[in-house]
Amino acid sequence: MTGGRNELHEDRPVLRVVALLASCGWIAAIVVARRGTNLATDDQSLAMSVAAAVVIGVSFVAATLLLSGVLLAGGAARRRDGALVAGILFSVTISGLIADGRLVAWDAAAGFLALAGATVVLWTPSRWIGALLIGAACGLAPLCASALSVLLLVGRGGHRIAGALAAVVVGVGVCVVIQSVTGRTPGESLTVGDDVMRIGPQNLWRFVASWLDLVTPVLVLALIAAADRFFSPEAGDTDDAASDVSQPDGISPGRYTGAGALTVWLAVNAAVALLLSRAIVGHGFLLVLPAFLLAAAGWRAVCCLPFDRSDLTLSLFSALCRAMPFALLWVPFRKAGEIVLVAWYGS
Amino acid sequence: MNGAGINGLDGKEVCGTRGRACVIAAAVALIVGVHIAGRVGAYCSPLSSDDSYIFAGFGCRMAHGDVLYRDMSDIKPPGLFMVYGLVYRVAPAVRAAVVPVETVFLLLGYAAVYYAAAEAFGRRAALAVTVLSALTINYFSVTGVAIVGFGVAENFMVFPAAATAWMYVRALRTGREGALLAAGVFMGVGTCLKQTALPLVVALTIHWTLVMLIRRRSTARWIRGLLRMFLGGCIGWAPAIALLAMQGTLLTAVRLLTSDAGAMLARGCAWPDEWRDVLPLWVPMVWAAWALARRIECGVRGESMMETGSARVVTFLMLWTAAEVVMLWRLPLRSPHYYVVSCVPFMLLAGVPIAAFGRSVTKMAPRARTVAWSVAVVLSGVFLRPVVDEIVPRAIGAYRSYDWAEEQRRFDEALDWGPIHFGRGDPFIAELER
């Protein structure tokens, strides 16, 4: 039998720091470039204010640090590898979405809160803090309501219901406060631009397809993690792939609900995306949030494919599988790079 | 935390039977979804060619007493006209009447592809090959510009072509010569639908000759096998020959289907212009490249990449693919609907790398094996997504622009053509004799 050998699980702190700095720097550069291109466009609906740029930049840099494990340090080296890859994937993917032009500050803040809330619920014993964060995210953007599935599926029976109820109460409260302060209603958070509303169904499919190209790398790893969780005979038995997000400290082994809950969250979002296909173009970032959390587990699963000198073609397959998520990053990277070039030469 | 976890998602029982059931259900759902999108796109397309009106119109006229190859004729064999004639014996005179029969033939085609691939490479590879085939067939059906593939002979030929391969592979693997008779029947049905089934006949004959005369050196079995296939072909053609003989148009049909149809060859080239024209074949081609590397590696190590006996099947499929390529080179029109049936051997060949991959991952630990299959499926899906992104918007667009009244007007016009002959004299020109 072969399998499971992986020589990439060495701890490389310098590489991690450099990669994280580059990721965060890339997000900051895109936000600045995106803001800079406001002057070059006539479409004011796509313009970004200074406040929005700050919120988007801070939210996504924080989310990158969160996903890459910096905010929740610890774990084995192989876990940190997965987290680092998830962080890099997040930063490049999100840069593409920022460059795409329809990402709003409310969604960015809500996305960070939902990611943080789900992470806290899954990784730490402080589920109530997680419930508050998820509730706040729901208040900012109702599309985050699907994150309640994490609260409803993880934990003991009574706590699950109570946590979800607490999140709903917080969400309603945040919604009321926002409405009274800014006049922004929950319905407005689901609106999309007139240009998107005018698109016919067959063109909308193509539009959504090109949007999906931007998030394909992270969806690939998420689907691999979900498949691993669902089909693998050993999933949850080891400190590997799916259990990477489902074995927080303080939770006894043998209870493997993390990756499952994230998969359910992703499935609910897929159903929402089918029902509200136009929302994907404007608010699709919120629908792929669980995929960002599953990416680390997906990377860990990919890393269990063997490298074996006696079987070169299988090793080639393993290498291609590891390279593919990064190759697919070319699409969002190019999208973001175009904005940077426009801003650079435009100035 | 609740030990039971998420209902239905936790615990090891999800593996095994239930996992397989989910995969099969997903594959069937994908096939059905793609089939519906493809059929809607092809049927409703405003580009829908005159071909579907000609075939359906001729069938309807046959059902109401007109004589094929006398009152109306084409350089195509009588099979499809007879099928449509039978349909219009019971169905009203609308073009939509041929939708169910075409769907039945295509579904039978997918099933035959599955069984042919399962016979050659096992069930897991067969499932993947069937999904690929459904995607490919429907892609080539809807992406035509001059001719959109609704109601055309190629859609009906998938079933007899794949069934021929299934029966022939069964005969090769089990030695049952009765299967050769069945292969002959399906070959007969295929050639009765359109002459473009001939590459399969040629490939099969050459392969049978190679296997029997060169490898096994058995002249008696070679002759016996050829006779069985010929007898099967005669059975496949028997209804058409009987009908034409009763009508007294047999000799006219022979001239139209041979010399007149032959004049169409080499008037153009059906070979695709760009790689994008064969988008669904990219993923199988990448897998084929991997399988080639695998074959070389296994050769160096002195191991077998496939199961014993698979080499003969692969040789047959490669011969068939080569024959289809040669034919495409000589067909008169660059239109993707020709690829619908030409892609069948290539799709079956796609089972080779899938089977080889399945065989190679058996050495892995169970977890790694599951991950390897998951990664292979997910990444193949990512690169096949553009195929769906091409089929579905076309289907939506065609559905929204569909005009039933205009369709009925065109169909009524086809019924009122009177004496009409396609392909007599100068091909491509309809000679009207009102």
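The values are calculated or read from the model by the stated rules, or taken from the named source; none is laboratory data. Quick caveat: nothing in here was measured; it's all calculated off a predicted structure. When we count neighbours, we look across all protein chains shown, and the Cβ atoms used for this are built from the backbone with ideal geometry, even at glycine.
Details
- Pick from the range A:172-185, criterion of a type outside the set (Gly, Ala, Ser), closer than 18 Å to A:Leu132 by Cα and surrounded by 13 or more Cβ atoms within 10 Å (Cβ to Cβ), ranking: farthest from the other protein chains (Cβ to nearest Cβ): A:Ile178
- Among (1) farther than 21 Å from A:Ala227 by Cα; (2) crowded, with 16+ Cβ neighbours inside 10 Å; (3) within 14 Å of chain B (Cβ to nearest Cβ) - the single one A:Arg300 does not satisfy: (1)
- Look at (1) acidic (Asp, Glu); (2) closer than 25 Å to B:Ala56 by Cβ; (3) surrounded by fewer than 23 Cβ atoms within 10 Å (Cβ to Cβ) and you find that B:Glu154 fails only one, number (3).
- Flag not set for B:Val325, criterion: part of a helix (DSSP H, G or I), in contact with a Lys or Arg (Cβ under 9 Å, 6 or more places away or on another chain) and more than 14 Å from chain A (Cβ to nearest Cβ).
- When B:Glu307, B:Glu324 are screened for being buried (at least 21 other Cβ atoms within 10 Å of the Cβ) and either in contact (Cβ under 8 Å) with a residue 24 or more places away in the chain or within 17 Å of B:Ile137 (Cβ to Cβ) (or both), only B:Glu324 passes.
- Qualifying residue in the range A:138-150 (condition: at pLDDT 90 or above, touching a helix residue (DSSP H, G or I) at 6+ places or on another chain (Cβ under 7 Å), over 23 Å from A:Val55 (Cβ atoms) and not small (Gly, Ala, Ser)): yes
- For the range B:211-231, the set of residues classified as β-branched (Val, Ile, Thr) and surrounded by fewer than 15 Cβ atoms within 10 Å (Cβ to Cβ) consists of B:Ile214, B:Thr219, B:Ile223, listed by residue number.
- Filtered residue count, the range B:363-407, keeping only those that are part of a helix (DSSP H, G or I), more than 22 Å from B:Tyr139 (Cα to Cα) and within 7 Å of chain A (Cβ to nearest Cβ): 8
- Matching residues, the range B:69-112, being aliphatic (A, V, I, L, M) and either farther than 22 Å from B:Tyr43 by Cβ or in contact with an Asp or Glu (Cβ under 6 Å, 6 or more places away or on another chain) (or both): B:Met72, B:Ile75, B:Ala112
- Enumeration of residues in the range B:348-361 that are out of contact with any Pro (no Cβ under 7 Å at 6 or more places or on another chain) and more than 10 Å from chain A (Cβ to nearest Cβ): B:Leu348, B:Leu349, B:Gly351, B:Val352, B:Pro353, B:Ile354, B:Ala355, B:Gly358, B:Arg359
- Top-ranked residue in the range A:94-136 [being within 21 Å of A:Leu151 (Cβ to Cβ) and β-branched (Val, Ile, Thr); ranked as surrounded by the most Cβ atoms within 10 Å (Cβ to Cβ)]: A:Ile134
- Beta carbons closer than 9 Å, at least 6 apart along the sequence or on distinct chains, pair a first residue in the range A:129-158 that is within 14 Å of chain B (Cβ to nearest Cβ) and on the phi > 0 side of the Ramachandran plot with a second that is part of a helix (DSSP H, G or I) and of a type in the set (Gly, Ala, Ser) for A:Gly155/A:Gly163.
- Boolean, B:Ala197 is on the phi < 0 side of the Ramachandran plot and surrounded by 18 or more Cβ atoms within 10 Å (Cβ to Cβ): yes
- Only residues that are under 23 Å from the mean Cα position of the chain (by Cα) and either outside any helix (DSSP H, G or I) or among the β-branched types (Val, Ile, Thr) (or both) were counted in the range B:353-362, giving 1.
- Scope the range A:316-333; condition part of a helix (DSSP H, G or I) and either in contact (Cβ under 8 Å) with a residue 24 or more places away in the chain or in contact with a Pro (Cβ under 7 Å, 6 or more places away or on another chain) (or both); matching residues: A:Ser318, A:Met324, A:Pro325, A:Phe326, A:Leu328, A:Val331, A:Pro332, A:Phe333
- Restricting the range A:304-320 to residues that are buried (at least 16 other Cβ atoms within 10 Å of the Cβ) and within 26 Å of the chain's Cα centre (by Cα), the residue that is farthest from the other protein chains (Cβ to nearest Cβ) is A:Ser318.
Rundown of residues vs (1) polar (S, T, N, Q); (2) at pLDDT below 95; (3) farther than 26 Å from B:Ser380 by Cα; (4) in contact with a Ser or Thr (Cβ under 7 Å, 6 or more places away or on another chain), yes/no style:
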site: A:Gly254; (1), (2), (3), (4): no, yes, yes, no
site: A:Leu274; (1), (2), (3), (4): no, yes, no, no
site: A:Val281; (1), (2), (3), (4): no, yes, no, no
site: A:Arg300; (1), (2), (3), (4): no, yes, no, no
site: A:Cys304; (1), (2), (3), (4): no, yes, no, no
site: A:Phe307; (1), (2), (3), (4): no, yes, no, yes
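- Counted as qualifying within the range A:1-107 are the helices (runs of 4 or more DSSP H) with 3 or more residues that are of a type in the set (S, T, N, Q) and at pLDDT 90 or above, namely A:77-100.
- Residue tally, condition facing chain B (nearest Cβ under 8 Å) and within 15 Å of A:Val264 (Cβ to Cβ), over the range A:216-231: 4
- Residue in the range B:341-351 that is part of a loop (DSSP other than H, G, I, E, B) and either of a type outside the set (D, E, K, R) or surrounded by fewer than 20 Cβ atoms within 10 Å (Cβ to Cβ) (or both) present: yes
- Scanning the range B:291-304 for residues that are surrounded by fewer than 20 Cβ atoms within 10 Å (Cβ to Cβ) and either within 14 Å of B:Ala356 (Cβ to Cβ) or polar (S, T, N, Q) (or both) yields B:Leu292, B:Ala293, B:Arg295, B:Ile296, B:Glu297, B:Cys298, B:Gly299, B:Arg301, B:Glu303, B:Ser304.
- Criterion violated by A:Val169 - all others in (1) more than 9 Å from chain B (Cβ to nearest Cβ); (2) in contact (Cβ under 8 Å) with a residue 12 or more places away in the chain; (3) under 15 Å from A:Leu286 (Cβ atoms) satisfied: (3)
- Within the range B:265-288, being assigned to a helix (DSSP H, G or I), over 30 Å from B:Thr174 (Cα atoms) and free of Cβ contacts under 8 Å to residues at least 24 places away in the same chain holds for B:Trp275, B:Arg276.
- Restricting the range B:46-82 to residues that are surrounded by 21 or more Cβ atoms within 10 Å (Cβ to Cβ) and among the basic types (Lys, Arg) leaves a set whose member that is farthest from B:Leu193 (Cα to Cα) is B:Arg61.
- Some residue of the range B:141-149 being assigned to a helix (DSSP H, G or I) and either hydroxyl-bearing (Ser, Thr, Tyr) or at pLDDT 95 or above (or both): yes
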